[in-house]
Amino acid sequence: ANALYRDVLYAVRFVNQATPSGRRILSASSAAHGAVKGMVYVDPLLFAILDDVRIASTGNTTKLSIIKVNAASGAILAQVGVSVPNANLHCTDITTAGLMLVVTCTVERTSSVQTLLFAVDRDL
């Protein structure tokens with residue numbers, strides 16, 4: 001079992017430019033969390049898709065992160081974020097097709113839901 005699978009939490013630390021030594025505590029209204037929704041192993045790499053949920057008083061938004069991990073060491077080698085303006089992006093599956101990674105997602109807007117399939121090379 002992978003310790004990351006379906007259990008990834010995010011933390012963000014903000015630095016005030018006027019007082020860089022000061023810290024600000026995040027409020028519950030701007031919290032974020034996520035979960036690994038799928039993984040694919042391509043020796044010696046592991047690619048994972050993560051739902052990135054931002055909780056705000058104006059409404060929650062869900063984006064996608066794809067991470068490229070060295071399977072032996074666990075080091076994150078690359079990360080990319082994907083979002084859709086004025087919509088939530090929920091991704092459920094990642095697989096390989098030749099030299100490409102193929103991701104299956106759903107785009108939720110207030111008036112519609114669409115299925116989306118996109119491909120990206122392994123360099124992200």
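Tabulated data
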item	result
In sequence order, calculated HN-Hα J values of segment 89-105 (Karplus, 6.51, -1.76, 1.60; Hz; x Gly/Pro)	10, 10, 10, 10, 8, 9, 8, 10, 9, x, 8, 10, 9, 10, 10, 9, 9
For segment 78-85, Karplus couplings with θ = phi - 60° (6.51, -1.76, 1.60), whole Hz, Gly/Pro x	7, 8, 9, x, 10, 9, 10, x
Cut-off under 5 Å, modelled amide H: who pairs with Arg122 long-range	Leu101
DSSP-loop trypsin sites (Lys or Arg not before Pro) across segment 49-123, with at most 15 other Cβ within 10 angstrom	Arg109, Arg122
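The numbers here are math on the coordinates, done by the rules we state, and not lab data. What you are looking at is a predicted structure, and each value in this text was computed from that prediction instead of being measured. We place every Cβ from the backbone using ideal geometry, glycine too, and count neighbours over all the protein chains shown.
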